[in-house]
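Working notes for the structure below.
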Amino acid sequence: MPIDTTPIIDTHVHFWDIARSDLYWMTPELAEQLRPLHRSFGPDDLDPERQAVGVDRIVIVQAARSEWDHRWWFSLSERYPWIVAVVGWVDLGAADVAERLDRYCAHPSFRGVRATAENVPDPDWLVTPDVLRGIACVAERGLTLDLLVRVDHLPHVPQLAERFPELTLVVDHLAKPPIASGDLSRWRERMTALVPFDNVWCKLSGLLTEAGPHPTLETIRPVVDFALEHFGPGRLLWGSDWPVATLAADYRSTVRLYRSLTSGLREDEQAAIFGGNAQRVYRLMT
């Protein structure tokens, strides 16, 4: 029986320079909680960790919004062969969104945009007219739209999936289920509503930091099992959410945890979650 040679791809890595990056989410209210993250994180920090657990490639996902950050991420993809894609940020409601996207599309590593609904006060922001026009621009360029959403935003995702059937939508972090509280009923109901839309994918990422101060395999298992049951291995991608995940566990432990949670799957199903699906979603060369 042949050994699967699908590369292992971490679809959710953040890099930032603490002195220059636009870290808008590091608010004063979260200063103490995020103190371990208040330093620079770059490829040289991650490289030995990802090699130790056999991660072949990574996708940079935005954690900042500035032009400088995008130029830096693009330059990193040129210097490090294992950085294969960048999911950036644009102001989806801005009048110049098309021009900004075209500038970024000029770089071969640019694969998509992250819509950061979590960081906008208006819970209906995703479906406001200006943002919908911006999302249309993303769809027209064949880019992927990652969604940084929580449970309150989920009712808008089916609307986007139906309105833009040609657009690949990725729900980051499984929409941050409230694992620590244990009350997953509303999350389950709203995630289930996404299942009929084949252009909606879900990312197994960011779960450790939603599971309370001492996350374990068993506290996270219910949401991973739910995702596997409803979306199947064919519509799930894995991402570490490094370095944010280090608030709960180091990189090697994070990778091993997700590996353990999916160890009951067939080899080809695991290969899809940990690499094959990323190749499709982010249009990566094999």
Subject >> Selection count where residues are touching a residue at least 60 places away in the same chain (Cβ under 8 Å), over 28 Å from residue 105 (Cβ atoms) and among the charged types (D, E, K, R), scope region 25-81 >> reply: 2
**OP:** Looking for whichever is over 21 Å from the mean Cα position of the chain (by Cα) and at negative phi here; the options are 64, 85, 52. Which one fits?
**Re:** 52
Original post:
If you check 130, 102, 122, 146, which single one turns out to be acidic (Asp, Glu), more than 25 Å from residue 227 (Cα to Cα) and not in a helix (DSSP H, G or I)?
Top reply: 122
Original post:
Checking residue 134 against (1) farther than 21 Å from residue 186 by Cα; (2) of a type outside the set (Asp, Glu); (3) without any contact (Cβ under 8 Å) to a residue 40 or more places away in the chain; (4) crowded, with 22+ Cβ neighbours inside 10 Å, which test does it fail?
Top reply: (3)
**OP:** Could you please find all residues in region 203-243 being aliphatic (A, V, I, L, M), farther than 23 Å from residue 280 by Cα and part of a helix (DSSP H, G or I)?
**Re:** 208, 217, 220, 223
**OP:** Go through region 116-167 residue by residue and tally those that are over 23 Å from residue 198 (Cβ atoms) and of a type in the set (Phe, Trp, Tyr).
**Re:** 1
**OP:** Among the residues of region 105-119, write down those that are surrounded by fewer than 16 Cβ atoms within 10 Å (Cβ to Cβ) and assigned to a helix (DSSP H, G or I).
**Re:** 105, 119
**OP:** With the condition kept exactly as written, say whether any residue in region 174-187 is assigned to a helix (DSSP H, G or I) and closer than 23 Å to residue 276 by Cα.
**Re:** yes
Original post:
Looking at residue 148, is it surrounded by 19 or more Cβ atoms within 10 Å (Cβ to Cβ), within 24 Å of residue 55 (Cβ to Cβ) and either in contact (Cβ under 8 Å) with a residue 60 or more places away in the chain or within 13 Å of the chain's Cα centre (by Cα) (or both)?
Top reply: yes
Original post:
residue 212 passes all but one of (1) over 23 Å from residue 275 (Cα atoms); (2) small (Gly, Ala, Ser); (3) modelled with pLDDT of 95 or more; (4) surrounded by 13 or more Cβ atoms within 10 Å (Cβ to Cβ); which number fails?
Top reply: (3)
Subject >> Scope region 109-123; condition more than 21 Å from residue 174 (Cβ to Cβ) and either in contact (Cβ under 8 Å) with a residue 12 or more places away in the chain or in contact with a Pro (Cβ under 8 Å, 6 or more places away or on another chain) (or both); matching residues >> reply: 109, 110
Subject >> Any pair with Cβ under 9 angstrom, 6 or more apart, that starts in region 265-277 at a residue that is in contact (Cβ under 8 Å) with a residue 24 or more places away in the chain and ends at one that is of a type in the set (Phe, Trp, Tyr) >> reply: 273/238; 273/258; 274/238; 274/258; 275/238; 277/201; 277/238
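The values are calculated or read from the model by the stated rules, or taken from the named source; none is laboratory data. Everything quoted here is computed from the prediction, not taken from an experiment. Reconstructed Cβ throughout: ideal geometry from the backbone, glycine too, with neighbour counts over all protein chains shown.
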